1. Taking the criterion of being within 10 Å of chain B (Cβ to nearest Cβ) and surrounded by fewer than 23 Cβ atoms within 10 Å (Cβ to Cβ), would at least one residue in the range A:52-67 satisfy it?
2. I'm told B:GLY138 meets every condition in (1) facing chain A (nearest Cβ under 8 Å); (2) of a type outside the set (Ser, Thr, Tyr); (3) closer than 22 Å to A:LEU704 by Cβ except one. Can you identify the failing condition by its number?
3. Quick check on my filter: what residues within the range A:724-759 are out of contact with any Lys or Arg (no Cβ under 6 Å at 6 or more places or on another chain) and in a strand (DSSP E or B)?
4. Looking only at the range A:179-190, decide whether some residue is of a type in the set (Ser, Thr, Tyr), assigned to a helix (DSSP H, G or I) and away from chain B (no Cβ under 14 Å).
5. How many residues does the range B:229-246 hold that are within 22 Å of B:HIS82 (Cβ to Cβ), touching a residue at least 60 places away in the same chain (Cβ under 8 Å) and touching a strand residue (DSSP E or B) at 6+ places or on another chain (Cβ under 9 Å)?
6. I'd like the full set of residues that are assigned to a helix (DSSP H, G or I) and buried (at least 22 other Cβ atoms within 10 Å of the Cβ), limited to the range A:310-330.
7. Among the residues of the range A:371-399, write down those that are surrounded by 24 or more Cβ atoms within 10 Å (Cβ to Cβ) and hydroxyl-bearing (Ser, Thr, Tyr).
8. Where in the range B:1-102 are there strands (runs of 3 or more DSSP E), lying wholly inside it, with at least 2 residues that are of a type in the set (D, E, K, R) and within 14 Å of chain A (Cβ to nearest Cβ)?
Amino acid sequence: MELNRRNFISLMVGGVAGLHITPLPWKLTDDIAIWTQNWPWVPVPPVGAFNKVKSVCTLCPGGCGIEVRRVDERAVKIEGRTDFPVNPGGICPVGMGGLQLLYNEDIRFTRPMKRVGPRGSGQFADISWKEALGLLGERLSGLRKAGTPEAIAAIDGNPCRSTISTLIERLLKALGSPNYLRTPSVEDTYSLVNLIMQGTEGPMAYDIENSDFILSFGSGLIDGWGSPGRMINAWGMWREPEMRGKVKVVQVEPRASNTASKADQWIPVLPGTEAALALGMAHVIIKEGLYNREFVNGFTSGFGEWSSLVMKQYSPTQSAKITGCQADEITALARAFAKSKAPVALCGRGKGTLNGSLYEFMCIQSLNALTGGLNRIGGVLVHEPLPLGPLPEVTFDEVSRAGIQKARLDQAGTPRFPYAQSLTSLFSKAVFEGKEPAVDTLLVFGGNPVHTLPDGGLFRKALRNIPFVVSFSAFRDDTAMFADLILPDHSYLEKMDESIWPAGIQYPLYALSRPVVKPLYDTQHCGDTILHLAKQMGGSIAASFPWKGYEEILKQRVKGLFDSAKGLVTYKGTNPVWKTMQKTQEVTPDYKSFDEMWNKLKSGGLWFRPAHSYGRWDTIFKTATGKFEFLSSRLQLAVQSYLRQNQADIALAGMGIGAGADAACLPHYEEVKQAFNAKDYPLTMVPYEIINIASGWIASPPHLNKTIFDDQLLKEDSFAEINPKTASQLGLKEGDLVFIESPAGRIQVRINLFDGAMPGAVFVPLGFGHIGYDEFTKGKGANPNYIISPQMDPLSGQPVWWKTPVKIIKV
Amino acid sequence: MEKKHGPAKGNSYGMVIDLDKCTGCGTCMVACSAENNLAVRPDESDKQRSITWMRLYKVTNGKEFPHAEVSYFPRPCMHCDHHTPCVSVCPATATETDYHTGIVSQIYTRCIGCRYCMAACPYHARTFNWWDGYFPKGKGLERYLSPEVSPRMRGVVEKCTFCHHRLMRAKTQAYAEERKELEEGEYITACTEACPAQAITFGDLNNPEHKVTRLAKSPYAFRLLERLGTEPKVYYISTKDWVRKLGDNYLPGEFKPISTVKAG
């Protein structure tokens, strides 16, 4: 065929038309599309049979019920339980992302390890359990043989009163060391207030769901305080259309947090002056006779002394001067509070991961007393602790008997700190400043003190003076990076553990988690590790730990619940406990024998007593006077015994108390004294907590990184919130890179201009700036704990972390 | 022939989010990520690249201290009923409004990655996979992936599906029990289920007995950019005027506070 113009065009047109008719290009395009969407490295989740396992979340002391959806043996999703009384269906973001803490080899220790690189480098080599326990046992036995068992110390971040904590304390006793420490938490301050004012040992139990006026002194009610599943549910309930105007929430804090923004009223006070506001309110309530006369006159002691102090020193005008609010605002608040039917005042800053100020908590609890809110519906309920079964006495030998008599390094329990249980800052200081290593071996359990202690990095520095550090952590956390030996725990979804009386709940509750999946790696339950260690060391130590496994100890403790308390092990989810317990004084157990109770507890994870007898003001207080004590006889005793040893004039100052002798044992406001010139550090740094960043021991699951705004974290920099006016005075604008410098050091952050920030203060989020964990977490942002120059809270001796003088330097 | 576009005639699944109840905790975002196999990249602070189906927006009232206030908008896909912007532009028919449920679907294997839908969506509800999901070898992250939702590959757009697989799950269950209709609450999204404040209500907007239908008629209810006429099936409730005002762009004086709305 001749190739001419006509044929050429025919061929081309025919070709184009033909191409459309043939399936070939379509098939090819389709194939290419399918091929590019089936890369072998795009994971294909295996299918299998769906099933569900009920358990309890033990990531925080909140104790929410969880239901884990699984495909065969593989956990694929965590959901909230509706048949669990703490959280009716919802859980917090950290708990929701929990599977990323289980299935992530880079943040977990998968087997025992020993350090091979320099400390902090995170270089470890695998060893066997036998070898690891051998190394530790030898070291501990060596110290005991040398007659220095007190050179063994332990720092424990597990929840208060938990069985695992009891076991760790027991191990230290059996070894012969008095140096058992706990990381500070709000529970310490709660216990102290309850002991000092009420003589009770039960936990703080707030009946908030039944309250109609919730006055929170800095508690992040929806920012992770208490049990988040319960608190946020209550919040949603208060905002139901039919509840509008019936419940009032007032938030007192210097920053427009979520709680402050979403509350009905926000009262910003200068950082650390919450106590003065409470006292100003007390002044109005007393002056106008708005207090509950029946309770105050009949069941309190020291009201005369306290009211004359309050009348003299804390009028609304005086209180306004300290707190920075308006006097009439204080008066109005006091009236509204006292005139409500069931008001309640809450204390515990932020999430309550860290301690509070003792005098401040006393002032706030006094407001509850003034309004007769103790053991009243919608107030603060007074309880006995959970009657868990006791463990047998520790067996001592000569070494341990002599060892535990030695003085604690942190001075807790001495006349200077009479009611303190554990003082980590003083411990770090003693270790850091000691010429000889005061501690040879430090055991770290369930906590991450390098990251979480608000001590200006003192603990981290003190680690240099400790030759041997052992971590029992499941995670490659910041502290584990400095450890010499790792004896890894299971992750929380792989083990049986408990949540004893979830934080703030108003009725006794014991929750038991169970393994949701079989342990993935060569890890071991920390409780069992302690038992193995004790057995291996033999002698009196082995005799102190006669149990075969951790479960046996749990069972022994739970037996106490069976013997002495009547409760239930099932909850239907139809009627919330806070409603039913109002009308219930006692419940009939839904189990007959202990075995039945134990088995139901193991599968349902729950024992609780939805009953309470309110009032009983004549019998609930266990103080010397048998009454609620504004003037604390326990404090009087403590101060007197300290006075005997010291001259009176320096004694109170020596205890850190600025007020005179007449006020020392009464709830009053103490100004935090700073040791440096205010001109050098003109700003105040206030660390704050947000619910979508885990700020304690646990790292945030990576999913949570999506929820963090880019004015909170950008690449490697976290942001400090500062008022635009303060910023313009300092010549700063949005996004500027700055150093925040305190006497203890400096951190680098970016500036976020925020109108909700109090002028003159710098707000820095907690939970960033990890040096451990993996790429999702490590090196992101700055940790304000590293520059907190720790002042000491008077009497309690705990760190004042909520207020640090700083200056800002532009990078 | 069956009409392809327009308001759903069968069920019309929709959502009401009560912003007074919402505490901004982010559990909805995490629940959504976990349920729908969203991959997390080492740097999620680049919000242009961060993949989210449910995203939380932080807003402030613009006032000075001490009157400043923050609030949050959880924003899933709006599943627009009318002229669904993404559906009308998709050249590959990779996204469709389902006539029976009102759900706007996204079919990854059809998506050619042109991102026209992202440009069309007034709500920024769609995100593009610039990379394959981040599941590095040896880390073991892929073990929590659910087989109910296929992980996406690079080059496709993804968005909220109202947890369509949960509808399938509920339907299968109903079928096994020889039922044709689903009960209220039988099918809810992961975010609805997870919200600890119970701020999210999910249900059939065509069913007058469902709570969601009642709530959507609240005088405080509004939708985002309502006047675009896309008929979103996600409603918000807020008693605060400043929050409602942020739901759309108003000329000065155009926004009517609720008191005047009631009076009018």
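1. Going residue by residue through the range A:52-67, those that are within 10 Å of chain B (Cβ to nearest Cβ) are A:64.
Within this subset, residues satisfying the condition of being surrounded by fewer than 23 Cβ atoms within 10 Å (Cβ to Cβ) are none.
Scanning the range A:52-67 turns up no residue that is within 10 Å of chain B (Cβ to nearest Cβ) and surrounded by fewer than 23 Cβ atoms within 10 Å (Cβ to Cβ).
2. Evaluating B:GLY138 over (1) facing chain A (nearest Cβ under 8 Å); (2) of a type outside the set (Ser, Thr, Tyr); (3) closer than 22 Å to A:LEU704 by Cβ leaves (3) as the failure.
3. A:ILE740, A:SER742, A:GLY745, A:ARG746, A:ILE747, A:GLN748, A:VAL749, A:ARG750, A:ILE751, A:ASN752, A:LEU753, listed by residue number.
4. First, pick out the residues of the range A:179-190 that are of a type in the set (Ser, Thr, Tyr): A:180, A:183, A:185, A:189-190.
Cutting the leftovers down to assigned to a helix (DSSP H, G or I) gives us A:189-190.
This time we only want the ones that are away from chain B (no Cβ under 14 Å), so: A:189-190.
Checked the range A:179-190: at least one residue is of a type in the set (Ser, Thr, Tyr), assigned to a helix (DSSP H, G or I) and away from chain B (no Cβ under 14 Å).
5. Initial filter on the range B:229-246 (within 22 Å of B:HIS82 (Cβ to Cβ)): B:229-237, B:244.
With touching a residue at least 60 places away in the same chain (Cβ under 8 Å) added as a condition, the list becomes B:229-237.
Going one step further and asking which of them are touching a strand residue (DSSP E or B) at 6+ places or on another chain (Cβ under 9 Å), we end up with B:232-237.
Number of matching residues: 6.
6. Taking the range A:310-330 and keeping what is assigned to a helix (DSSP H, G or I), we get A:310-313, A:316-323, A:327-330.
Hits for the range A:310-330 are A:VAL310, A:PRO316, A:SER319, A:THR323, A:ILE330.
7. A:THR371
8. On the way: elements: B:13-18, B:55-60, B:70-75.
Ranges flagged: B:55-60.
The values are calculated or read from the model by the stated rules, or taken from the named source; none is laboratory data. Everything numeric in this text was worked out from a predicted model, so none of it was measured. Ideal geometry is used to build each Cβ from the backbone, glycine not excepted, and the neighbour counts take in all protein chains shown.
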